[in-house]
Amino acid sequence: MSDIAQKVKSIIIDKLGVEESEVSAEASFTNDLGADSLDTVELIMEFEKEFNISIPDDQAENIGTVGQAISYLEENAK
Amino acid sequence: MQQLKRVVVTGIGALTPIGNTSEDYWNNLSKGVSGAAPITRFDAEKFKTRFACEVKNYDPLDHFDRKEARKMDLFTQFAQIVSAEAMADSGLDIEKINVDRAGVIWGSGIGGLRSLQDEVIDFTEGGHTPRFNPFFIPKMIADIAPGLISIKYGFRGPNFTTVSACASGTNAIIDSFNYLRLGMADVFITGGSEAAVCQAGIGGFNALKALSERNDSPETASRPFDRERDGFVLGEGAAGLILEEYEHAKARGAKIYAELIGGGMSADAHHMTAPHPEGLGAKNVMINAINDAGIDKTEVDYINVHGTSTPLGDLSEALAIKDVFGEHAYNLNISSTKSMTGHLLGAAGAIEAAACILAIQNQMVPPTINHSGDDEKFDAKLNFTFNKAQEREINVAVSNTFGFGGHNTSIIFKKFEE
């Protein structure tokens, strides 16, 4: 697992209060990990902070699963 | 006009600097224990005041899961904990009551001050990117506490927060009392919570020269009516009460702690932060409460005073008591439990209401501790219950709270009789 993937997972575990075993690539923040809309906004914010980037809202809308977050950040994080 | 209904107290919860349940709170109140100690919530080294009355041995994870805890400011966590204790104590079964007639009215002077402070720090340190945490506003707003309490119990009746600085908790109780006696609801979770022991809270009150700076002896710093009092000690915590319309409580066979018989409100209309020098607002509010209760002033046994340990405030309140009660002032027991708990701002009225109710239950007046020498400005014949609790017959107890802005509130509890 890449460094980025590891960091993304630990942010999700921390913010959503879920177990590591639940955080699979396919897991959806809202359907599988119990996030509401505010939790999702907060997650995006945490990714921005951790990876020092700005994620535009129209792109943030496409980040709905753990895997989508990891691949977005692997492509865009410096 | 229809006859006003009677209102009784059927549950108590407390989380205070001297006890994390209402039972521990009362035990330490009656023993005269101080809750003051050096500040642990942040590094206070550079502050003029480096101590406070914090809640001890507090771990949010004992009460909430991590995700839940993170979304609540400390003042809301405290509110949830004391509400749960009061609800359990009352034996109310939410399956059996009409939740549309069950409300929550909560007092908080400031709300989520720590959350506000931390988010603004994050913003300024983050290169001013206009990104704020989505939970920032809902964590910080003072009305979120009753909102979340209503979600937990499904109470769909009146729901809001009262904000009147250090009178907030009492205002919440008076509002609940009014809806109940008007027949507009059956039951309320009411009370107040505050958690302002952070840099903004201590620094802000230091700037007002309101806090004691007795850093070499925190536990003796809160000394209302003492010759050497030098300001209040900031406290944090909460208390919750279940107030219930009497017939509703009776029908379900509830345990009744006391009856709430009157509430008064007034304004000083004088100064932003200083009390009226002759205690005009304090005098009027006690008269209003006594008239509202329909009792004679000579029936009052105990006054749990606002008495924050500031030079001016204590003096004007004592003058007001003499003015209101005349000769009967000398028969009263007076005490400031802030000598032990510190000043919980918007939660003060809630924990002090609980103190009055428990004083009636136990027929004992909790003391004003830390008295070392008389201030000749006070009438020496007044009984301030210095240093040691006093057993006495308490039928009627009054709780006073006054807030910055000149808000004054006073409520009266009576030993329950059918």
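Annotations for the structure displayed:
- Amide H to amide H distances under 5 Å link residue B:343 with B:233, B:234, B:235, where only residues 5 or more positions off or on other chains count and H is placed in the peptide plane.
- The GluC sites (Glu not before Pro) of the stretch B:1-96 that meet both conditions, a loop assignment by DSSP and at most 12 other Cβ atoms within 10 Å of the site Cβ, are B:45, B:95.
- A Förster radius of 25 Å combined with the Cβ-Cβ distance from residue B:256 to residue B:95 puts the calculated FRET efficiency at roughly 0.70.
- Binning all Cα-Cα separations of the stretch B:1-114 at 10 Å, short to long from zero, yields these whole-percent fractions: 11, 32, 35, 15, 6, 1.
- Most simply put, the stretch B:8-251 has about 60% antiparallel DSSP beta bridges, counting only bridges with both residues inside it.
- Restraint check, B:56/B:338; B:31/B:415; B:139/B:250, Cα-Cα greater than 26 Å: B:139/B:250
- Cross-link table A:15/A:49; A:15/A:78; B:5/B:152, entries beyond 18 Å C-alpha to C-alpha: A:15/A:78; B:5/B:152
- Only aspartates and glutamates eight or more places from residue B:377 in sequence, or on another chain, were considered; those with a Cα closer than 19 Å are B:226, B:228, B:230, B:278, B:314, B:317, B:323, B:327.
- The stretch B:8-251: Rg to Rh, with Rh as the Kirkwood radius over Cα pairs: 0.99
- As a calculated quantity, the FRET efficiency between residue B:395 and residue A:52 at R0 = 56 Å, using C-beta atoms, amounts to about 0.25.
- Residues of type aspartates and glutamates that residue B:71 reaches as a straight line, Cα spacing below 17 Å, ignoring anything fewer than 8 places off in the same chain: A:14, A:36, A:39, A:42, A:46, B:59, B:62, B:118, B:119, B:122, B:143, B:194
- Antiparallel bridges, percent of DSSP beta bridges restricted to the protein assembly as shown (to nearest 5): 65 percent
- Straight-distance candidates among the lysines for linking to residue B:46, with alpha-carbon spacing under 18 Å and chain neighbours fewer than 8 residues away dropped: B:209.
- Contact order normalised by residue count of chain B, Cα under 8 Å, 6+ apart, percent: 24 percent
- Most mobile listed residue (B:11, B:32, B:154) in chain B, GNM with C-alpha springs under 10 Å: B:154
- Given chain B, longest segment not containing exposed loop trypsin sites (Lys or Arg not before Pro) (DSSP; at most 10 other Cβ within 10 Å): B:97-380
- Dimensions in Å of chain B - Rg and Dmax from alpha carbons: 20.1, 65
All of the numbers you see were taken from the coordinates with simple rules; none came from a lab. All figures in this text were calculated on a predicted structure; none of them were measured in a lab. FYI the Cβ positions are ideal-geometry reconstructions off the backbone, even for glycines, and counts take in every protein chain you see.
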